[in-house]
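Presented below is the structure to which this report refers.
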Amino acid sequence: MTEDRYSRQILLREIGLEGQKKIGDSTTVVVGCGALGTHAASLLVRAGVGRTVVVDPDNIEISNLHRQTLFCETDVGERKAEAAKRRLREINSEVEVEGLVDRIIPENAERILKEANVVVDATDNMDARFVVNDACVKLGIPWVYGGAVGTAGMVFVTTSDGPCLRCIFPKLPPKGELPTCDTVGIVNSLPSIIASMEVTEALKIILGEKPISELMVVEVWSGDIQKIRVRKNPECTTCAKRQYNHNTG
Ligand SMILES: [Zn+2]
């Protein structure tokens, strides 16, 4: 670890040299490598996280470029996970980066997530988030939910004791019910804010600090930021009953 590279982070009272070592010893998995994932992975790698795994099955499209900041025109058509890995290694060659061309499903989730100190959600669908939620609660790994559509986004941290994402959304919403970037669009300044908040929580977790306990809701167009208190649902199938039945929604 070159201390010069991280000098402005080491200077920070919240991190310091000891904190920087913890960051360097940690592993993060970023699930999804779109708008949130490219921002989050870039910040984690620049912060000096020892090993970062990005997981995404898709190819880069020209319509991704307005918000997916690791990619440029010559990357169009390439796998996101592979292009991201190449760019992240150019950003910081002192840390390990892995690009997994895969989709998180119940059958592979635990294998992919088990080494992580913290998991950063950067997917675009609730199905994958329910899979991540079940696997992380079961494995005792904290994970940071992030969502961004239109002009609004949310961040929420789940620790193994709960509350978890299923305490907020007990049932998987029917397919097509929730708006997506493909149906309503997204302002390109939003993902950087949401991903930055997610990475801040991930770094706090790595440093052994208590993450935020509320659901953070950011409306970037109006400038409104809300913190919503979330209670653990005593009937939650995941964090209360410990039934990891992500297949049934
Ligand atoms: Zn729960």
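Give me the helices (runs of 4 or more DSSP H) completely within segment 1-84, filtered to those with at least 3 residues that are free of Cβ contacts under 8 Å to residues at least 40 places away in the same chain, ordered by residue number. Write out each step before concluding.
Numbers: elements: 7-10, 16-24, 35-47.
Counting at least 3 such residues, we get 7-10, 16-24.
For residues that are of a type in the set (S, T, N, Q) and under 22 Å from the mean Cα position of the chain (by Cα), scanning just segment 196-244, find the one that is farthest from the ligand (Cβ to nearest atom). Quick ask: steps written out before the conclusion?
First, the residues of segment 196-244 that are of a type in the set (S, T, N, Q): 196, 200, 213, 222, 226, 233, 237-238, 243.
Now drop any that are not under 22 Å from the mean Cα position of the chain (by Cα), which leaves 196, 200, 213, 226, 238.
Details: S196: 26, T200: 23, S213: 13, Q226: 21, T238: 5 Å.
Here the answer is S196.
So, R51, is that one touching a Leu at 6+ places or on another chain (Cβ under 8 Å) and closer than 24 Å to I194 by Cβ or not? So R51 fails the test. Within segment 191-222, being aliphatic (A, V, I, L, M), assigned to a helix (DSSP H, G or I) and touching a residue at least 60 places away in the same chain (Cβ under 8 Å) holds for I194, A195, V199, A202, L203, I205, I206.
For segment 201-231, the tally of residues that are surrounded by 12 or more Cβ atoms within 10 Å (Cβ to Cβ), over 22 Å from I23 (Cβ atoms) and β-branched (V, I, T) stands at 5.
All of the numbers you see were taken from the coordinates with simple rules; none came from a lab. All of these numbers come straight from a predicted model, not from anything done at the bench. FYI the Cβ positions are ideal-geometry reconstructions off the backbone, even for glycines, and counts take in every protein chain you see.
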